[in-house]
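Student: Got a structure here, written out as structure tokens. Questions coming.
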Amino acid sequence: MELPFAESYRIKMVEPIYKSSRAQREEWINAANYNLFNLRSEQVYIDLLTDSGTGAMSDNQWAALMTGDESYAGSSSYYNLKNTIKTIFGFEYFLPTHQGRAAENVLFSVLVKEGNIIPGNSHFDTTKGHIEFRNASAIDCTINEAFDTESEHPFKGNIDLDKLEKVYTSHAKEKISMVVVTLTCNASGGQPVSMKNMREISELSKKFGIKVVFDSARFAENAWFIQQREEEYRDKTIKQIVAEMYSYADAMTMSSKKDGIVNIGGFMAMRTEELYKQASAFNIMFEGFNTYGGMAGRDMNALSVGLHEITDGHYLDNRIEQVKYLGDQLINWDIPIQRPIGGHAVFVDATKFLKQVKKEEYIAQTLAIELYLEAGVRGVEVGTLLADRDPITKENRYPVLEMLRLAIPRRTYTNNHMNVVAVALKNIFDRKDKIISGLKIKSEAPIMRHFSVELERIKIKK
Ligand code: F0G
């Protein structure tokens, strides 16, 4: 008999988590104004709010913390990390930052000017935020298949080259400083970009003299999908694949809280000294001196180990196998999710799940609340609340996909926890026809409202 799959690590330290009762959760979520961001972590049993900074470090990463060099300038931890980035991504220059959005802030301070057009594949919210904050526009050029949750396209993170070329030809060249390619594409469900697509984006952009920047939060998961799904990469190692991926980029931003497997940190890296020098000036102002830029020496050491761990051995098999383990159970029960299953999360298609709830009543948020009440599981709405209001009409913007994201922290939960999540969703699915109303807003902030919005249940009069 073939041996079953099992993780290639064992657990050396545990953190107790609290199993609450439904009555407690009713009280807590009411007090939290039906906003899961307002819950205290002790009120959550299984926390799938994000995979960002919530993973478990290895014994080697913890050991590396102890040898961190906290010198203000020229620490050995900085040079360790510089070396690792050169080895893995091939970039000569790098600047550390306190997290991914800080790298965006610094790099975009150089590259994005008022009136610029920045195409990409469903830019992540902070990326879009840093573009729009500079009065520039982010244009989504993702392939259409990404917006059909039932399409089994293997690379739903891909950029549609016709859409990209159209952007390149319909605006003055000086207006487009870069294209941002997000690996994997978080907004469309942790969906990968193919090597072929990266190569073609690079060729097209070179022709127009436009820089290619990779938003790299989940670069290793993307490389794993290339190894699995692009025939000619079957026998290549993840490190070889990553090296080729980055040969197509001029620069990268990184949230180390994902595929760096650390709890905080980020960086940007680039090929040319010129861009490095321009970005350095902003890094010193916003983050810190170039050799620490928002990170402690010990954290740079742990990140350096994390970047090697994620691209070596069986880590990625364990990781993506667990996401698939959860997703496959849902598929077996006909629960509608974004397919194929992505790298870091399972995205439940809330519109298809709760057919009776109106879009004006925040369908994915309603489902997120149901899941919390059912089992103490916290997911996150990726739908109308997140999409905010149109800045001019002040009307809700209804995105094509209304999703509940279940993001799985790295090396943190077991498959038993995944079983609880799956069964909790199944129980809700079985009684979905009884869920006929959603939520309404009591108060909201003018931007980024999802973090602080206050909601209440809509009561149906019998
Ligand atoms: N880019 C992508 C694709 C991301 O998913 C994130 C963060 C960032 C940039 C920003 O990085 O948080 O370190 O400042 N995503 C988190 C999430 C918050 O839950 O998906 P950061």
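The values are calculated or read from the model by the stated rules, or taken from the named source; none is laboratory data. The structure presented is a predicted model; accordingly, all values stated were derived computationally and were not measured. Here Cβ is always computed from backbone atoms with ideal geometry, including for glycine, and neighbour counts include all displayed protein chains. Areas reflect the complete protein model, heavy atoms only, side chains present, ligands, DNA and RNA absent. Shrake-Rupley method; radii C 1.70, N 1.55, O 1.52, S 1.80 Å.
Yes or no, residue by residue, for (1) farther than 18 Å from ILE46 by Cβ; (2) away from the ligand (no atom under 12 Å from the Cβ); (3) outside the structural domain of ILE335 (by TED's automatic domain parsing); (4) within 18 Å of the chain's Cα centre (by Cα):
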residue: VAL377; (1), (2), (3), (4): no, yes, no, no
residue: ASP388; (1), (2), (3), (4): yes, yes, no, no
residue: THR393; (1), (2), (3), (4): yes, yes, no, no
residue: ARG405; (1), (2), (3), (4): no, no, no, yes
residue: ILE408; (1), (2), (3), (4): no, no, no, yes
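Student: Kindly establish whether ASP59 is surrounded by 21 or more Cβ atoms within 10 Å (Cβ to Cβ), touching a Lys or Arg at 6+ places or on another chain (Cβ under 7 Å) and on the phi < 0 side of the Ramachandran plot. If you could, list the steps in order and put the result at the bottom.
Tutor: On the way: surrounded by 21 or more Cβ atoms within 10 Å (Cβ to Cβ): no; touching a Lys or Arg at 6+ places or on another chain (Cβ under 7 Å): yes; on the phi < 0 side of the Ramachandran plot: yes.
No: the conditions fail for ASP59.
Student: Only one of ASN80, ASN35 is open to solvent by 40 Å² or more (accessible area, probe 1.4 Å), touching a residue at least 60 places away in the same chain (Cβ under 8 Å) and not hydroxyl-bearing (Ser, Thr, Tyr). Can you tell me which?
Tutor: ASN80
Student: If you take the residues in region 309-343 that are part of a loop (DSSP other than H, G, I, E, B) and in contact with a helix residue (DSSP H, G or I) (Cβ under 6 Å, 6 or more places away or on another chain), which one is surrounded by the most Cβ atoms within 10 Å (Cβ to Cβ)?
Tutor: Keep residues of region 309-343 that are part of a loop (DSSP other than H, G, I, E, B), which gives 312-314, 333-336, 338-343.
Add one more test, that the residue is in contact with a helix residue (DSSP H, G or I) (Cβ under 6 Å, 6 or more places away or on another chain), and what stays is 333, 335-336, 341, 343.
Details: TRP333: 13, ILE335: 20, PRO336: 18, ILE341: 21, GLY343: 29.
Across region 309-343, the extreme among qualifying residues is GLY343.
Student: So, in region 254-275, how many residues would count as being open to solvent by 40 Å² or more (accessible area, probe 1.4 Å) and either of a type in the set (Ser, Thr, Tyr) or in a strand (DSSP E or B) (or both)?
Tutor: Residues of region 254-275 open to solvent by 40 Å² or more (accessible area, probe 1.4 Å): 263-264, 271-274.
Of the ones still in play, those that are also either of a type in the set (Ser, Thr, Tyr) or in a strand (DSSP E or B) (or both) are 272.
Matching residues across region 254-275 total 1.
Student: List the number of the failed condition for PHE133; all other conditions in (1) farther than 15 Å from LYS175 by Cα; (2) modelled with pLDDT under 95; (3) within 19 Å of the chain's Cα centre (by Cα) hold.
Tutor: Looking at each condition in turn, PHE133 falls short on (3).
Student: Do the conditions hold for ALA217, that is, is it crowded, with 24+ Cβ neighbours inside 10 Å and more than 10 Å from the ligand (Cβ to nearest atom)?
Tutor: Details: crowded, with 24+ Cβ neighbours inside 10 Å: yes; more than 10 Å from the ligand (Cβ to nearest atom): no.
Spelling it out, it is not the case that ALA217 is crowded, with 24+ Cβ neighbours inside 10 Å and more than 10 Å from the ligand (Cβ to nearest atom).
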